[in-house]
Amino acid sequence: MTERGIPMEAEVVARVDESPTIFSLSLKLVDGDQHDSYRFMPGQFNMLYLYGVGEIPISIVGDPDQPDLLQHTFRTVGRVTRGFARLQPGDRIGLRGPFGRGWPLEAARNRDVLIVTGGLGCAPVVPVINHVLNQRQQHGRVAILQGVKHSDDFIWRGRYEQWDAEPDTQVLLAADVAGPEWRGYRGRVTGLFEKLELDFVNGITMMCGPGPMMTAAGQQLLERGAGPDRIWFSLERNMQCAVGQCGHCQYGEKFVCRDGPVFPYADIQHLFGVRGI
Amino acid sequence: MERPGFLPRQRLDDLLVLLRDSGYRVIGPQLAEGAVVYRDIGAASDLPAGVTVESGPGSMRVIKQDSPRQFAWANGPQALKPRLFKPAESLWQVQRDAQGRLSFARCDETPQAVAVIGVRACDLAALRIHDQHFLESEYRDPYYARRRERLLLVAVNCTDPATTCFCASTGDGPAASGDYDLLLDELEDGFLVTSGSPEGQKLSAALALTPAPDARCEVARAAVERAAAVQTRRLPPGDLFDRLFAHRDHPRWSEVANRCLACGNCTQVCPTCFCSRERDETPLDGASSVHQREWDSCFTEGHSYIHGLVIRAETRQRYRQWLTHKLGSWHRQFGRSGCVGCGRCILWCPVGIDITEEVHVLMQEPVHD
């Protein structure tokens, strides 16, 4: 049993503006011991604290094999993220974490891997993609599907191009609404499933994005023969304590912060897609 | 089992003095603001003698009777929950220096040892649940823990349940069980005293009580039995998760939402509700900030807010969340129901929504026996 902790001081070492409303911060824990001992698993999140404003859960982007590069990507949407949007290199924030259970790395070994994301749902899967591609020979075929509402919302073009160049790796992009420059698919990300050359039955899918997208994609995968223990979702809920006590993240009997945020479909199918749960 | 000792009513002050001399701040029930509330007790004369409480859905009236009894009422709006899980408290603070560097420190006060007199069976059952939640899950809450370690409990078996009480059906009362240090049975002229812990044994021994005769024990036992028998409300037993979720689109959810004010009173008086929100409080000098925790309620809009979206936007969904959690999901989280039958949510609901009635309608069963 662990005692609930307090934030550690972290310094913003780099900032990247990904789009007019999306930005990334690279963080470094200031205390040497904390910096050296910090480890995370792909799919876990940190509670980031902005001085005098509050804490928010943000998934960890980056490579678990390089834990000193703690990257987080934000969408400016609320009171706290608007505050974070003003940060510049050298600014200090608080960090508690990592929290939660991440992606099923062991279960993905020697299997085809499908990653499906919508909008900024791509952020929590970046570390798992890095991990899978770092150990390319230990996995089967890899497919990465990313959907956005509008083609202007698409971020990380360079990353996707890099992944696309990997052997046996398909990268497919979809935009519901696309500008003239868009070379990807026009429509929902689920419309890309028929282009996939994957073993759905024995492969494993990891998914993160808006609820309706995940519900539709989950249904399609089941129809294509994937078992409910082979489809994994990362869920989002209001989180304030991150240790399963404040009650906000409850999803039926689950505390998403502690029991998730990553769940196999089999564990949540009795609630999945129900509005207002 | 140890034979209870007998403490004559006029010697109740001896117990209070003993607790105080043992280093405890003594908290107990008093009549204040028109209700039975738990506050600092100076002497046994502060206890609500002759007070009984008449209650119903959304109503409560204190009645004074010519009786020496000090525990002839069921419960007040709050008992143990705010002692351990504070309605508001500071978790940590952060200082910011001129260079913008931050230093964080836990708010660490050592609380005074507290003895609470007049703890009911329902509140002991709720305490066990909060111990599980705050102390025995994956993370331990240090704020709850340090108060819990310094808490002494003097339980009193319930003899006068309110009409809103249904602890007999949840299996949590009216006889107290669990983590009490001393247990009292109130008789007309005094109390049976049973110890439930080494600390309780020490106190009991220090009081040098004479063993209670069989006849008194029999009177006490019969009073508690009667307190169970007179309860008319009940909840169906067991994990209702599947049955409630099978009815998740039942029209009753909308019907109850038309009456429900989403005020959250039920969650504030519920001894097992544990939701809290966190926020910063920043002094005007801008050099520090205090991170606070305070009770929250799943009936608020903010409870399910996530990046610009409220997941449970409708009262119907919030009431469903509360009820399905309390009587369904709770079993899977804690191995038992989240309802201890205290009836506070019925009594303190401004529009008198009755959890037992709602459950029975939702599961299409008759309301009363």
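Structure above, values below:
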{"read-out": "Among A:47-59, A:222-234, A:117-129, the order from most to least packed when residues are scored by Cβ within 10 Å on average", "value": "A:117-129, A:47-59, A:222-234"}
{"read-out": "Convex hull volume per residue in cubic angstrom - Cα atoms of segment B:97-243", "value": "195"}
{"read-out": "Those trypsin sites (Lys or Arg not before Pro) in segment A:78-167 that DSSP places in a loop and that have at most 14 other beta carbons within 10 Å", "value": "A:Arg86, A:Arg109"}
{"read-out": "Two-site label geometry, B:Leu207 and B:Ser45: point separation in nm, points 7 Å out along Cα→Cβ", "value": "2.1"}
{"read-out": "Stokes-Einstein D (µm²/s) once Rh is taken as the Kirkwood radius of segment A:8-99 over alpha-carbon pairs, at 10 °C in 1.306 mPa s", "value": "122"}
{"read-out": "Cα centre as origin, Lys/Arg/Asp/Glu Cβ charges: the protein assembly as shown dipole, Debye", "value": "720"}
{"read-out": "Equivalent ellipsoid semi-axes - Cα gyration tensor, segment B:254-338, angstrom", "value": "28, 17, 12"}
{"read-out": "Loop trypsin sites (Lys or Arg not before Pro), segment B:232-300 (other Cβ atoms within 10 Å of the site Cβ: 16 or fewer; DSSP)", "value": "B:Arg248"}
{"read-out": "Where labels lie 7 Å past Cα in the beta-carbon direction, separation of A:Thr21 and B:Arg140 in nm", "value": "4.4"}
{"read-out": "Equivalent-ellipsoid semi-axes of the protein assembly as shown, from the Cα gyration tensor, Å, largest first", "value": "53, 28, 21"}
{"read-out": "Long-range Cα-Cα pairs in chain B (distance over 25 Å), rounded percent", "value": "58"}
{"read-out": "For B:Arg312, distant residues with modelled amide H under 5 Å away", "value": "B:Ser304"}
{"read-out": "Rg(Cα)/(2.2 N^0.38 Å) for chain A, N = residue count", "value": "0.97"}
{"read-out": "Distance (nanometres) between label positions extended 7 Å along Cα→Cβ at B:Glu281 and B:Arg25", "value": "1.6"}
{"read-out": "For segment B:164-175, 3J(HN,Hα) per residue [Karplus equation, 6.51 cos²θ - 1.76 cosθ + 1.60, θ = phi - 60°, Hz, x = Gly/Pro]", "value": "7, 7, 8, 5, 5, 6, 8, x, 9, x, x, 7"}
{"read-out": "Under the Karplus curve 6.51 cos²θ - 1.76 cosθ + 1.60, θ = phi - 60°, whole-Hz ³J(HN,Hα) for segment A:207-213, x wherever Gly or Pro sits", "value": "9, 8, x, x, x, x, 5"}
{"read-out": "Helix-only mean residue ellipticity at 222 nm for the protein assembly as shown, each DSSP H run of n ≥ 4 adding -39500 (n - 2.57), per residue, nearest 500", "value": "-7000 deg cm²/dmol"}
{"read-out": "Relative contact order for segment A:105-268, counting Cα pairs under 8 Å that sit 6 or more residues apart, in percent", "value": "22"}
{"read-out": "Considering only chain A, percent of DSSP beta bridges that pair antiparallel, nearest 5", "value": "55"}
{"read-out": "Residues with amide H under 5 Å from that of B:Ala32, placed H, sequence gap 5 or more", "value": "B:Val37"}
{"read-out": "Backbone HN-Hα couplings from phi across segment A:237-248 [Karplus 6.51/-1.76/1.60, Hz, Gly and Pro as x]", "value": "8, 4, 9, 10, 9, 6, 10, x, 10, 6, x, 5"}
{"read-out": "Residues A:Met8, A:Met207, sorted so that the one with the fewest Cβ neighbours within 10 Å comes first", "value": "A:Met8, A:Met207"}
{"read-out": "Sites A:Asp168 and A:Ala14 - FRET efficiency at Förster radius 30 Å, r taken between beta-carbons, to 0.05", "value": "0.40"}
{"read-out": "For A:265-277, mean number of other protein chain Cβ atoms within 10 Å", "value": "3"}
{"read-out": "Dipole moment magnitude, nearest 20 debye, chain B about Cα centre, only Lys, Arg, Asp, Glu C-beta charged", "value": "500"}
{"read-out": "Shape metrics for segment A:68-166, restricted to C-alpha atoms - Rg then Dmax, Å", "value": "15.8, 44"}
{"read-out": "DSSP-defined beta bridges in the protein assembly as shown - what % are antiparallel, rounded to 5", "value": "65"}
{"read-out": "Long pairs among A:Lys149/A:Lys195; A:Lys28/A:Lys254; A:Lys28/A:Lys195; A:Lys254/B:Lys86; B:Lys81/B:Lys202, criterion Cα-Cα beyond 30 Å", "value": "A:Lys28/A:Lys254; A:Lys28/A:Lys195"}
{"read-out": "Cβ charges +1 (Lys, Arg) and -1 (Asp, Glu), total dipole of segment A:8-99, debye", "value": "480"}
{"read-out": "Segment A:105-268: equivalent-ellipsoid semi-axes (sqrt of 5 x gyration tensor eigenvalues, Cα, Å)", "value": "25, 19, 15"}
{"read-out": "Extension gain, B:Val290 back to B:His307 (0.36 nm per residue minus Cα-Cα distance, nm)", "value": "3.7 nm"}
{"read-out": "Near-label residues of segment B:150-188 by backbone N, under 20 Å of a point 7 Å along Cα→Cβ of B:Ser197", "value": "B:150-158, B:173, B:175-185"}
{"read-out": "DSSP loop GluC sites (Glu not before Pro) with at most 14 other Cβ within 10 Å excluded, longest remaining stretch of chain B", "value": "B:189-300"}
{"read-out": "All-pairs alpha carbon distance profile, segment B:135-221, 5 Å steps from 0, percent", "value": "3, 11, 18, 18, 18, 14, 10, 5, 2, 0"}
{"read-out": "Label-zone membership for segment B:23-54, site B:Asp66, 7 angstrom Cα→C-beta point, backbone N under 17 Å", "value": "B:49-52"}
{"read-out": "Estimated translational D of segment B:1-55 in µm²/s (Stokes, Kirkwood radius over Cα pairs; 25 °C; 0.890 mPa s)", "value": "192"}
{"read-out": "Centroid-to-centroid separation of segment B:109-137 and segment B:291-338 [C-alpha atoms, Å]", "value": "22"}
{"read-out": "Sorted by Cβ neighbour density within 10 Å, fewest at the top, the residues A:Ile6, A:Ile60, B:Ile27", "value": "A:Ile6, B:Ile27, A:Ile60"}
{"read-out": "Proxy reagent accessibility, fewest Cβ within 10 Å first, across B:Asp296, B:Asp131, B:Asp160", "value": "B:Asp131, B:Asp160, B:Asp296"}
{"read-out": "Calculated log₁₀ intensity ratio I(q)/I(0) where the Debye formula runs over C-alpha points of segment B:175-257, q = 0.25 Å⁻¹", "value": "-1.25"}
{"read-out": "5 angstrom amide H check on A:Lys254, placed H, neighbours 5+ away", "value": "none"}
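Bear in mind these aren't lab numbers, they're just calculated from the coordinates by the rules spelled out. All figures in this text were calculated on a predicted structure; none of them were measured in a lab. So basically every Cβ, Gly included, is an ideal-geometry build from the backbone, and we count neighbours across all protein chains shown.
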